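Dumping the structure here so I can ask a few things about it.
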Amino acid sequence: MINLSKLSKVFNTKDGKVTAVDNIDLTIDEGEIFGIIGYSGAGKSTLIRLLNMLESPSEGSVTIAGKKMEDLSKRELREARQEIGMIFQHFNLLWSRTVKDNIAFPLEIKGVPKEERDKRVNELIRLVGLEGRGGSYPSQLSGGQKQRVGIARALANNPKVLLCDEATSALDPKTTDSILDLLTDINKNLGLTIVLITHEMHVIRKICHRVAVMEQGRVVEQGNVLDVFKRPKEDMTKEFVKQVTEPEETEETLKDLFGEEGIGHILQLTFVGGDAKKPLINNIVRSFDVTVNILQGKISQTQNGPYGSLFIGVDGEASEINRVKDYIREQQVEVEVIHGE
Amino acid sequence: MSKLIAGNILLFPNVNWENMWEATQETLYMSVVALLFTFLFGLLLGLLLFLTDRGNLWENRIIQGVTAAYVNVFRSIPFIILIVLLIPFTRIVVGTMLGPSAALPALIIGAAPFYARMVEIALREIDKGVIEASKSMGASNSQIIFKVLLPESMPALVSGLTVTAIALVSYTAMAGVIGAGGLGDLAYRDGFQRRNTDITLMATLIVLVIVFILQFIGDRLTNRLDKR
Ligand SMILES: Nc1ncnc2c1ncn2[C@@H]1O[C@H](COP(=O)(O)OP(=O)(O)OP(=O)(O)O)[C@@H](O)[C@H]1O
Ligand SMILES: [Mg+2]
């Protein structure tokens, strides 16, 4: 659906050249939710703006739905853009227009007749759950509602692709979740390809199928969300993964709290994919001569299955504990000894 | 009623109400017609200033430079000098140097750059993100101008126009220099030169009333338009 090849963007500033996007190759499939994560200044916004040519590439090419974006004439580009919706961190609604008229705006741009426009606007208002607010002005809406208007507006012309630039970064956690749910629904029901950039791993975890990690203009790691969570290669990726898999307290705190108290071993179990639901602990207690103490845990749901860590304290004979570890590994759960031995 | 007239005569013994009314009409005529053209030219100049600026839709160094120079020059010339400088030009355009129409070219040329700067400021206040969002939807430049830039800056455009209208009313007072008439002319010639303080006072009062009405209408309109 989207193909980036050797894409670069260099800005000429007073302080010299800034390479915001550095030779990126990337393929995004039809119907998937593709996340791009990176810290501030990594070049995420520049990359997503290159997709619809809000920024023109210094080198390389962008192909969307078979069209080479950088080769299009001005007019062709405008038409191509009508097939690519975009939503923004700060919503970017027209404050002089009501909710309805904001949603109708892209339809006006396309030249859709008034009657059809009204019909489509009503559909969209229902789709994003803003019934009864059509006559309000953006200043009368909450952040979450504004983003719903933004989404409705982006979907007005039935685009094939939706670009989201930090779409939830200005929202509180609960509102973020409701907007993410809406995006997931849209992806499932309309088969829309969604590209979203964020600096929150939580967002990637919750809705993305695949993820690319960006650092200094380059994609340093990419893959299935679960695979990246399982085996983050780069240090940067590991940091992001920790955001969602590790309990608030770190391993060090665990050692401090329980290390001296006579608990022999502390194990970290890492669940990946479908294994999280197995009655693992129950089986250990029943089948082995050990006592098990659950210390901490955090299991998150991703689009490809659950993922998370569980910290347990185990007491018993050393040989028995070794058998427990082997048993856990047999269940496709990764084990790491945090303390003991 | 007769009491009122009697009072008027007592307070303003030298005012010739017919002349006063005529002067008021002349002032209104000059202000309104000049405002109309000032709005048009000022809006065009302001849009040009904004659109040709760096990073905007029609980025163009040369046009930007020329427009800015024109605006700055004509905004800096004191009106009373401008009106005299423009006498030959007015002769050609209006065909006569008599009556209130003779003041129009100077009024418009003097006020349009003034308004243009306010238009430019109003347009600059528009969130860049909104323009970008419109581009991302595939809007053409003219759609961005007419559906985004102008509507989004409308309250500021109207309040700028109010300020300009009030400035125009005071400019018309100087139009007497070239014999264009109006309240300023009356106040100066019949009032000041002939020592009829009451005529000066009355003319001032009428100008004040006009200004207050303009301000009132402008404020109401601005508030009504502003949905932020
Ligand atoms: N128009 C521009 N002119 C010059 N430099 C720019 C421009 N836009 C972005 N940059 C530079 O490119 C780099 C990447 O910026 P970008 O906005 O893409 O980062 P980001 O990953 O989106 O960051 P954030 O999470 O803070 O939004 C930065 O160093 C920035 O200064
Ligand atoms: Mg950004």
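Which condition breaks for B:Leu35 when tested against (1) surrounded by 14 or more Cβ atoms within 10 Å (Cβ to Cβ); (2) farther than 21 Å from B:Leu123 by Cα?
Failing condition for B:Leu35: (2).
Just to be sure before I move on: is A:Lys110 away from ligand 1 (no atom under 16 Å from the Cβ), more than 25 Å from the chain's Cα centre (by Cα) and open to solvent by 40 Å² or more (accessible area, probe 1.4 Å) in the structure I sent?
Answer is yes for this residue.
Ok, one more. Scan A:Tyr327, A:Tyr307 and give me the residue that is closer than 30 Å to A:Glu32 by Cβ and not assigned by TED's automatic domain parsing to the domain that holds A:Arg210.
That would be A:Tyr307, the only listed residue that is closer than 30 Å to A:Glu32 by Cβ and not assigned by TED's automatic domain parsing to the domain that holds A:Arg210.
Scanning the range A:56-73 for residues that are open to solvent by less than 30 Å² (accessible area, probe 1.4 Å) and closer than 28 Å to A:Lys206 by Cβ, which turns out farthest from ligand 2 (Cβ to nearest atom)?
A:Ile64
Here's another thing I want to ask about it. When the range A:113-132 is examined, which residues are found to be free of Cβ contacts under 8 Å to residues at least 12 places away in the same chain and in a loop (DSSP other than H, G, I, E, B)?
Correct list: A:Pro113, A:Glu131, A:Gly132.
Filter the range A:298-341 for residues that are in contact with a His (Cβ under 6 Å, 6 or more places away or on another chain) and farther than 27 Å from A:Val244 by Cα and give the result.
Across the range A:298-341, the qualifying residue is only A:Ile321.
Hey, can you tell me all the residues within the range B:172-213 that are under 26 Å from B:Ile108 (Cα atoms) and open to solvent by 50 Å² or more (accessible area, probe 1.4 Å)?
B:Met174, B:Val177, B:Tyr188, B:Arg189, B:Thr204, B:Leu205, B:Leu208, B:Val209, B:Phe212, B:Ile213, listed by residue number.
Among the residues in the range A:180-191, are any at positive phi, within 14 Å of chain B (Cβ to nearest Cβ) and not in a strand (DSSP E or B)?
no
Which members of the range B:127-164 meet the condition of being within 12 Å of A:Phe105 (Cα to Cα), hydrophobic (A, V, I, L, M, F, W, C), within 29 Å of the chain's Cα centre (by Cα) and facing another protein chain (nearest Cβ under 7 Å)?
Within the range B:127-164, just B:Val148 meets the criteria.
Further, regarding this structure: Considering only the range A:137-175, state which residues are within 16 Å of ligand 1 (Cβ to nearest atom) and either in a helix (DSSP H, G or I) or more than 13 Å from every other protein chain (Cβ to nearest Cβ) (or both).
A:Thr168, A:Ser169, A:Leu171, listed by residue number.
Picking from A:Leu183, A:Leu226, which residue would you name as being under 24 Å from A:Leu141 (Cβ atoms) and not polar (S, T, N, Q)?
Going through A:Leu183, A:Leu226 in turn, the sole match is A:Leu183.
Quick one: how many residues across the range A:71-90 are among the acidic types (Asp, Glu) and under 12 Å from B:Ser134 (Cβ atoms)?
Selection size over the range A:71-90: 0.
I've got another one for you. Across the range A:319-337, which residue is nearest to A:Asn224 (Cα to Cα) among those that are in contact with a Gly (Cβ under 9 Å, 6 or more places away or on another chain) and open to solvent by less than 70 Å² (accessible area, probe 1.4 Å)?
A:Val324
So is A:Arg117 at negative phi and away from every other protein chain (no Cβ under 14 Å) or not?
Judged against the criteria, A:Arg117 is not a match.
Another question, then. Against the definition (within 16 Å of ligand 1 (Cβ to nearest atom), of a type in the set (Gly, Ala, Ser) and touching a Ser or Thr at 6+ places or on another chain (Cβ under 9 Å)), how does A:Gly43 come out, yes or no?
Here the answer is yes, as A:Gly43 does meet what is asked.
I've got another one for you. Please pick out the residue among A:Arg126, A:Arg148 that is in contact with a Leu (Cβ under 6 Å, 6 or more places away or on another chain), over 22 Å from A:Ala65 (Cα atoms) and away from ligand 2 (no atom under 16 Å from the Cβ).
One residue alone meets the criteria, A:Arg148.
What do you reckon, is A:Leu93 closer than 13 Å to B:Ser134 by Cβ, crowded, with 16+ Cβ neighbours inside 10 Å, within 11 Å of chain B (Cβ to nearest Cβ) and not β-branched (Val, Ile, Thr)?
yes
Ok, one more. Taking the conditions exactly as written (within 16 Å of ligand 1 (Cβ to nearest atom) and at pLDDT 95 or above), does A:Val62 satisfy them or not?
yes
If you don't mind, another one. State which residue is farthest from the other protein chains (Cβ to nearest Cβ) when the search covers only the range B:214-228 and only residues that are surrounded by 11 or more Cβ atoms within 10 Å (Cβ to Cβ) and over 19 Å from B:Phe39 (Cα atoms).
By that ranking, first place goes to B:Asn223.
The values are calculated or read from the model by the stated rules, or taken from the named source; none is laboratory data. This is a predicted model, so every value here is computed, not measured. Methodologically, a virtual Cβ is constructed for each residue, glycine included, from the backbone with ideal geometry; neighbour enumeration extends over all protein chains shown. Heads up: the accessible areas ignore ligands, DNA and RNA and are worked out on the full protein's heavy atoms, side chains in. Shrake-Rupley method; radii C 1.70, N 1.55, O 1.52, S 1.80 Å.
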